[in-house]
Amino acid sequence: MRFKRLDLNLLVVLDALLREHSVSRAAEQLNLSQPAVSSALSRLREYFNDDILVMHGKKMLPTAHALSISPLVQRTLADINDLIAASTIFEPATSQRVFRLAAPDHLLLTFLLPLVAELERSAPGLRFDVRHLTPDSARALDSGELDVLLVQQARARPDHPQRLVFEHGYVCLGCARNPLFSTALSEAGLPAQSALVAAAEQASSLGDGVWQEINRCWKVDLLPYSLLEVLWMLPGSQRIAVTTEQVASAMTSRLPLATLPLPLAVPPLREVLQYHSARHSDGGVQWLVAQLLRHAAAGSTAAAA
C-alpha cells in the first residue's frame, strides 16, 4: 500500500530504526532479517532525501530531520492502531493484544502486578508492557505509545480523561524490632532519637507536600532510586520510610516490618488513571480501564474491612 509514493509498511520500519538506532536491533524487534531492514532504510533515505541514521564511531545516530519526524511517525502509527482497534470487537479471552501502561513504583508493586496475575487466567493471550513512571511518560501518553497512565492527580494531563483510582494516607514503615516503633512518634521526637528516613523516588511516589515536609523536619540520609530497594533495606535497620498505607499493608504481611501513624499533617495522595482522549471508542482500552477501576475498588473495600 502506497500513499504519495511512500510504502506505508516502511513507517513501521522507520519507527523501529528511530527507537533502536540500530539496523540489527530493529530487525530483531520486527522479526525481519537484517538485509531486509537495511533495504528498507535505503528506500527511506531515498524517499525522504535524508540519511535518517548516520554512523558516529561504532554507533548510529538519527539525523536532525529524523528526530523532527519521529514524533509524527509515532503518532501516525498510534492513530492507525486506534483505527484498527475501533473497527473490531474486543474479546479479552481470545485477544493477543499488548497493553502498555506506566505507573509509579508503589502501584506497580501493590496494584498492577496482582491485577496482571489475575488476568492471566481470564485473558491468557493478553500481554502487558508495564513501565516505571518517568518524566517521559506523559509524552508517551500524548503520542499514543502508552495505553494507560497512572499518575498523581496534580500531575495529570489536562487534555485527557482522568478517573480517580486511589486516595492514600501515609504512614511510617520500619523494622518491627526498631525501638522507635515501641513509642508514639512525634515531629520533634524523630531527629532527637536519631531516626533516619530512607526514601525512594519521593518526587513521584509521594505527594510533593509530603516530601517537602519530610525534608523540612527530618534528616534524609539515604536516597536510593527504587522503592523496592528501600523496602528490602528496612528489616534489621534503624531507618524508617514514609510510604502509603497501601504499600505498608502489602509489605507488613511479607516482611518483618511495622507501621506507625505519620506525625505530620499532610494531605492524602490522590492518584488517577488516564487514557488518550482519542481512545473513547477503543474497546480494548475501555475494557482495561474497567478492569483497573474494578480491581482498585475491590482493593479499597478489602482495606477498609
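Quick check: anything in segment 281-302 in a loop (DSSP other than H, G, I, E, B) and free of Cβ contacts under 8 Å to residues at least 12 places away in the same chain? Checking segment 281-302: not a single residue is in a loop (DSSP other than H, G, I, E, B) and free of Cβ contacts under 8 Å to residues at least 12 places away in the same chain.
In segment 267-279, the residues that are under 23 Å from Val242 (Cα atoms) form Cβ pairs under 7 Å with partners that are modelled with pLDDT of 85 or more and assigned to a loop (DSSP other than H, G, I, E, B), at six or more places apart or across chains, as follows: Pro268/Gly169; Val272/Ala156. For segment 78-102, a tally of residues being modelled with pLDDT under 85, within 16 Å of Asp15 (Cβ to Cβ) and either within 24 Å of the chain's Cα centre (by Cα) or surrounded by 14 or more Cβ atoms within 10 Å (Cβ to Cβ) (or both) returns 5.
For Leu10, indicate whether it is aliphatic (A, V, I, L, M), without any contact (Cβ under 8 Å) to a residue 60 or more places away in the chain, surrounded by 15 or more Cβ atoms within 10 Å (Cβ to Cβ) and in contact with a strand residue (DSSP E or B) (Cβ under 8 Å, 6 or more places away or on another chain). In short, no.
Give the residue that is surrounded by the most Cβ atoms within 10 Å (Cβ to Cβ), with candidates limited to residues of segment 263-294 that are more than 22 Å from Ser95 (Cα to Cα) and out of contact with any helix residue (DSSP H, G or I) (no Cβ under 8 Å at 6 or more places or on another chain). That would be Pro268. When segment 52-75 is filtered for residues that are crowded, with 19+ Cβ neighbours inside 10 Å and assigned to a loop (DSSP other than H, G, I, E, B), only Ile52 remains.
The values are calculated or read from the model by the stated rules, or taken from the named source; none is laboratory data. None of the values given here were measured: they were computed from a predicted structure. A quick note on method: Cβ atoms are made from the backbone with ideal geometry, for glycine too, and the neighbour counts reach across all protein chains shown.
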